[in-house]
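Before any comments, here is the structure.
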């Protein structure tokens, strides 16, 4: 009888899984139940038979309080991204009180964003971009006290932005791009978001004027993107109050009037204002019709009541002769003012064109600032010799001025070397390859080492073109740029003489050489800052506004103090004019050796992809693509990630300082455009970019797991500096080139780190 009673008691008990599965597991199963299609079986292991949801794929757990480690862990992260799951977002997810990150981007989820998510009071990151969500933006989300990242771009959300959006005071990233939001942007919202660092409202249907208080975002960085909307009216001068690191994107709107030249607005390029037919003034090539740019936003029109006329105003008519005299005087005055304005306009235009032709390096305060603010005085002739250059000789003296065939032409006034001396001096081969042979030559009685590159013997009829290109490269003068000192042209020999930088390049420094210590964090940050400043100078202030086109560690040379020098800019054009094909195998030891200092050695393993291999931007891989400065921004971002992680662009480029291998993508997963596939193809983005982006946006991986292990063996790392550098690198490596900042903004952002 006792046995029968025991069996009946056991049968009456609920199954063990139902007892063990807590409320968090039930909330996650509600999301699985809401999924109508799961093509990659991403949720197949979410099951009642497994009572511990912390073991489910995509679920991250941790102890809610370090003071009570004995308590069971809670769900703090859910990342089911890029799985093409169909269905909707259930409101039960709001019951996850300890949830910090919810990442469901890159699926096919439809329906509205549930307002009940505001019950997840610990939520600080919500990534829902790349779905099919509809409805409005729930105002209740602003009740989340810790919400910092909100990205709902690439959906079908609609409606107006509510005024209660100002309650999202903790927001740092607000991305609403590529939706169907409409109406005017509410005023009074943006000053209530003092922590906002990224704002993207592009590709919607917003209309009306741009709120002037958008200029009251003191921590904004990167790009303020308002493009592809229907904004009208003037560009608010208050936008000039934004930090100098902010790049504006106001393209494809209906803005009109003169572009204000206040604050950071004065440093914006023409791209920021394109496709606004009514805009005029600098930097657009559209002159305004004697209308000065506004200094503040126009005040709303005031209603006035007409004053009653007195009895004396009703008579005393003006005589016809006096009216005619006033009309003639007015016409003459207007004509005189018009003639003066036209004369002044053409004089100013002629002066600007002549300065541009002369390549004056002091043409703007921006360039002077970029040249001297961080690099000291650099060369003694850097500032003055540009002004003394003449367009026939590039700045040389005496017999070097002619630039005729068969003579060594000095671009630097301080460079005094005879061709015979150059040829007699003992030379040391640094490297050779498709870009010619590079020698180290010591001249000036053995006191001055220079790098000499032999380009080949073709292109005999293009001497003047070669001279013009060499002079343009030689006029680029910056402490973080390798300088071209002289060139030589003859029918069977072409030479370029550059600075010699004797401490190798960044690629060798990251790999490590015998007897060399690991690069410290301060050295890496110094290299990143200097290389960014050098590239920003080439983009903004050099005579040709160069696109480097091949930014990679081997083209960043280092001196004895680890001051970086960007090399090889303009080399492809020189090679083409000289009749050399610049697409041969790169130099082995030094890669880009314009001024390099690594002995030649036969490369081990397969030759890397030409044109920078894994450092190339996705759009640069398209056949016939036109080089863009955004290519350099992307490549620099990959180099910065290599400095941070110790890993090369892909698994086959991994740095020896890192023993851990890249985590392979989940089988069957499809990344979104932001993570590197989609329209650009799966292999378009280097693996290191996808790996780091997954670590920040999906896996919530600790920074210590992504940083170069060699750095962890040294002094304690300043976590805030490292995280800030990671964010700069991720901004540079956006797949969409329009979302990448300019190199000037990158350099300014890096300069703020550690300062």
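If you check residue 481 against the conditions, is it in contact with a helix residue (DSSP H, G or I) (Cβ under 6 Å, 6 or more places away or on another chain) and modelled with pLDDT of 80 or more? Against the criterion (in contact with a helix residue (DSSP H, G or I) (Cβ under 6 Å, 6 or more places away or on another chain) and modelled with pLDDT of 80 or more), residue 481 qualifies.
Here residue 78 fulfils each of the conditions (1) free of Cβ contacts under 8 Å to residues at least 40 places away in the same chain; (2) assigned to a strand (DSSP E or B) apart from (1).
When residues in segment 22-37 are screened for being surrounded by fewer than 20 Cβ atoms within 10 Å (Cβ to Cβ), touching a helix residue (DSSP H, G or I) at 6+ places or on another chain (Cβ under 8 Å) and free of Cβ contacts under 8 Å to residues at least 60 places away in the same chain, 1 of them pass. Picking from residues in segment 181-192 that are crowded, with 17+ Cβ neighbours inside 10 Å and out of contact with any helix residue (DSSP H, G or I) (no Cβ under 7 Å at 6 or more places or on another chain), the one that is farthest from residue 137 (Cα to Cα) is 185. Annotation note: of 177, 182, 221, 205, the sole residue that is within 24 Å of residue 124 (Cβ to Cβ), in contact with a strand residue (DSSP E or B) (Cβ under 6 Å, 6 or more places away or on another chain) and not assigned by TED's automatic domain parsing to the domain that holds residue 744 is 177. Considering only residues that are over 15 Å from the mean Cα position of the chain (by Cα) and in a helix (DSSP H, G or I), which ones fall in segment 538-552? Listed by number, the list holds a single entry, 538.
Scanning segment 244-254 for residues that are assigned to a loop (DSSP other than H, G, I, E, B) and modelled with pLDDT under 90 yields a count of 3.
Please find, within segment 437-458, the residue that is surrounded by the most Cβ atoms within 10 Å (Cβ to Cβ) out of those that are closer than 13 Å to residue 487 by Cβ and modelled with pLDDT under 80.
That would be 455.
Consider residue 660 carefully, then state whether it is farther than 23 Å from residue 618 by Cβ, modelled with pLDDT under 75 and touching a strand residue (DSSP E or B) at 6+ places or on another chain (Cβ under 9 Å). No.
From the list 133, 161, the lone residue that is modelled with pLDDT of 95 or more and either farther than 21 Å from residue 198 by Cβ or surrounded by 17 or more Cβ atoms within 10 Å (Cβ to Cβ) (or both) is 133.
Residue-wise test of (1) surrounded by fewer than 24 Cβ atoms within 10 Å (Cβ to Cβ); (2) in contact with a strand residue (DSSP E or B) (Cβ under 9 Å, 6 or more places away or on another chain); (3) within 23 Å of residue 732 (Cα to Cα).
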site: 480; (1), (2), (3): no, yes, yes
site: 498; (1), (2), (3): no, yes, no
site: 508; (1), (2), (3): yes, yes, no
site: 537; (1), (2), (3): no, yes, yes
site: 540; (1), (2), (3): yes, no, yes
site: 554; (1), (2), (3): no, yes, yes
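The values are calculated or read from the model by the stated rules, or taken from the named source; none is laboratory data. Since the model is a prediction, treat every value here as computed from it, not as a measurement. Please note: Cβ atoms are built from the backbone with ideal geometry, for glycine as well, and neighbour counts cover all protein chains shown.
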